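Enquirer: Can you read through this structure? Questions will come right after.
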Amino acid sequence: MICSNCGTHNTEGSNYCNNCGAPLKYIKCERCGFHNKPSAKFCVNCGVPLSTIIRIVNNKN
């Protein structure tokens, strides 16, 4: 897994970069399936607010 922040190669399955500590996981948009950076507030593909989607998904559980 390559860190999008610093370019360091990390062990597959890592949650954070072993060089800079940046998160390595992405937020999948439930509307369109695009993988957004963990800091994203809106999906860069379809524009839907990601916090709204997360809230809706969590309410289904």
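The values are calculated or read from the model by the stated rules, or taken from the named source; none is laboratory data. Note that the coordinates shown come from a computational prediction; the quantities given were computed from them, not determined experimentally. Just so you know, the surface numbers come from the protein's heavy atoms only, side chains and all, with ligands and any DNA or RNA stripped out. Shrake-Rupley method; radii C 1.70, N 1.55, O 1.52, S 1.80 Å.
Enquirer: Mind listing the phi-derived Karplus ³J(HN,Hα) values for region 5-20, rounded to whole Hz, using 6.51, -1.76 and 1.60 with θ = phi - 60°, and x for any glycine or proline?
Expert: Once rounded to whole Hz, the list reads 8, 10, x, 6, 7, 10, 4, 4, x, 5, 8, 9, 5, 7, 9, 10.
Enquirer: Let me ask something additional. Each residue of region 31-47 in turn: what ³J(HN,Hα) in whole Hz from Karplus with 6.51, -1.76, 1.60 and θ = phi - 60°, glycine and Pro shown as x?
Expert: Result, rounded to whole Hz: 7, 10, x, 5, 9, 9, 4, x, 8, 5, 9, 10, 5, 6, 8, 10, x.
Enquirer: Further, regarding this structure: For region 1-53, with every protein chain kept in place, what is the accessible area per residue (1.4 Å probe, Å²)?
Expert: 67
Enquirer: Same structure, new question: Scan around Lys28 for amide H atoms under 5 Å from its own, H built in the peptide plane at 1.01 Å from N, and keep only partners 5 or more places away or cross-chain.
Expert: Hits under the 5 Å cutoff: Asn36.
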